[in-house]
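Worksheet: the structure to be examined is printed underneath.
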Amino acid sequence: MKAFVSLLRDNRNYRNTWIGQVVSEVGDHFNNVAVFSLAVATTRSGLVVSGVMLSRAIPAMLVGPLAGVVLDRFDRKRVMIASDLIRAVVAMLFILTVKSHETWLLYVLSGLLMVASPFFTSGRASILPAIATNEELHTANSLTQTTNWTTLALGAFLGGASVAQFGYRWAFFGNSLSFVFSAICISRLFLPGRGFRPPRRSLTEAEVVRPWHEYAEGLRYMRSVPLILGLLMVNIGWATGGGAAQILFSVFGELVFNRGPAGLGMIQGCAGVGLVCGGALAYTIGKRLSFANYKRSIVICYILHGGSYILFSQMRVFAWALVFIGLSRAAVGVSSTLNMWQLLRVVPDEFRGRVFATMESTQWSVMMLSMMAAGIASQYWDPRTIGAIAGALSSTTAIFWGWAHWTGRLPEPAREGVDPEEIEVHGEPTA
């Protein structure tokens, strides 16, 4: 905790990024609870939740490659601000869905929201090694990840209670304001020299017209580093069950346990608490783990994650279901924090946008298929059966990762994630 406080006190850039993160992510979860609760309450069907999730996954999948190229070509700070302002407008438009009860409007607005999101989320990951010194990077990554999950818990609990008490409009209005606040915080970031524009060679005419060449270059880089390719496969393995799990949160809260928006908020909130605990554990052990022990830890985490999710899906007592969803997400918290820590140390600045955007868009692509399958299955199968299958699928990640580790296919790569000229991060802007 002392390291977190010191980082926030001494590093102005990180402090502004973190404050914006807290506010915007709490607003995000207000939106999530409101949208999914409104969708299920209106239709009483898990299929419409699947439709909303797919309307978010498809744009994220399609826009991800473009976001990666843009972030590796232009000023990342300005790209992130533009993303926030666009999302603020879209978030406000969700108010129109409250009276209309037209599910197509939920789909359209959810899709528009996700068109802008990869430019911000991948941008934030890309600038982290630039605003934190090499010594601060582990702490900054852990705090960023843990904050993400703390806001999940806080936003879900507050969002569920707020929607139940004040209605859906307040949640959508608050989400819109949170994006404006985030844009203000990002506008206060400052780096000397080239600032937040990534280093790169001069663009050829073909690259300007056809950015796919740049994206293909990023894919070749990812394929050349076994650890990065392995982490991409981890994302794919988790997402086979993770997409279904996202839909089932709403179904379990609304239909299985019959607890309405508050029930959905409690499930997501306990999931967030578990993620926070996992992130805290990963921070404690992260720097002390050898590379071999890090790889073994990932195997354990995904076995525990999938097994606990299966138990969550089978619980008849709501309190026990909350315990097991928390345990499942704690395992995800450990693995996610450790994996991101490795990526931040390995990926050089010129490839960060494309690597993080590819990771995100690939995960969304597989989640899309998983959500589609779960939505269709919800019309024929019991949600508990679907939940057990989703947990088992997520655990398959442990099999792939363990095989790659024990057969020597995941050697430790060189650390290229921090450029010495990026370490000027503490000072205030100068005239």
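The values are calculated or read from the model by the stated rules, or taken from the named source; none is laboratory data. None of the values given here were measured: they were computed from a predicted structure. So basically every Cβ, Gly included, is an ideal-geometry build from the backbone, and we count neighbours across all protein chains shown. Ligands, DNA and RNA are stripped out before the accessible areas are found, and what is left, the full protein with its side chains, is counted by its heavy atoms. Shrake-Rupley method; radii C 1.70, N 1.55, O 1.52, S 1.80 Å.
Over the residues of region 223-372, compute the C-alpha Rg and express it relative to 2.2 N^0.38 Å.
1.10
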CD proxy at 222 nm, helix term only [per DSSP H run n ≥ 4: -39500 (n - 2.57); per residue of the chain; nearest 500] | -27500 deg cm²/dmol
If each part is reduced to its alpha-carbon centroid, region 52-78 and region 258-317 end up apart, in Å, by 27 Å
With all pairs of different alpha carbon atoms counted, what Kirkwood hydrodynamic radius in Å does region 233-286 show?
-> 12.6 Å
With +1 at each Lys and Arg Cβ and -1 at each Asp and Glu Cβ, the charge dipole magnitude of the chain around its Cα centre, to the nearest 20 debye, comes out at 440 debye
Run a plain Debye calculation on region 119-195 (Cα atoms as equal point scatterers, no solvent) and give log10 I(q)/I(0) at q = 0.13, 0.14, 0.19 Å⁻¹, rounded to two decimals, same order as the q list.
-> -0.56, -0.63, -0.97
Simple SL model, points at 7 angstrom along Cα→Cβ for Leu369 and Trp381; separation in nm is 1.6 nm
Net charge contributed by nearby residues that have their C-beta within less than 12 Å of Trp403 (K/R +1, D/E -1) = +2
Roughly speaking, what is the centre-to-centre gap between region 331-358 and region 138-198 when only Cα atoms are used, to the nearest Å?
-> 20 Å
Within region 285-351, DSSP-loop trypsin sites (Lys or Arg not before Pro) with at most 11 other C-beta atoms within 10 Å are Lys287, Arg288, Arg316
In Å, the Kirkwood hydrodynamic radius of region 1-119 over pairs of distinct alpha carbons?
-> 16.0 Å
Using alpha carbon coordinates only, what is the Rg to Rh ratio of the chain, with Rh defined as the Kirkwood radius?
-> 0.95
Proximal lysines relative to Lys287, as straight alpha-carbon distance under 21 Å, when same-chain residues fewer than 8 apart are discounted = Lys2, Lys295
Over region 1-118, give the accessible area per residue in Å² for a 1.4 Å probe, as an integer.
-> 37 Å²
Report the one residue of Ile58, Leu71, Ser122 whose Cα lies farthest in the direction of the positive end of the charge dipole of region 25-139 (charges on C-beta: Lys and Arg +1, Asp and Glu -1; origin at the Cα centre).
-> Ile58
Under the Kirkwood approximation applied to all pairs of distinct alpha-carbon atoms, what is the hydrodynamic radius of region 264-348 in Å?
-> 13.2 Å
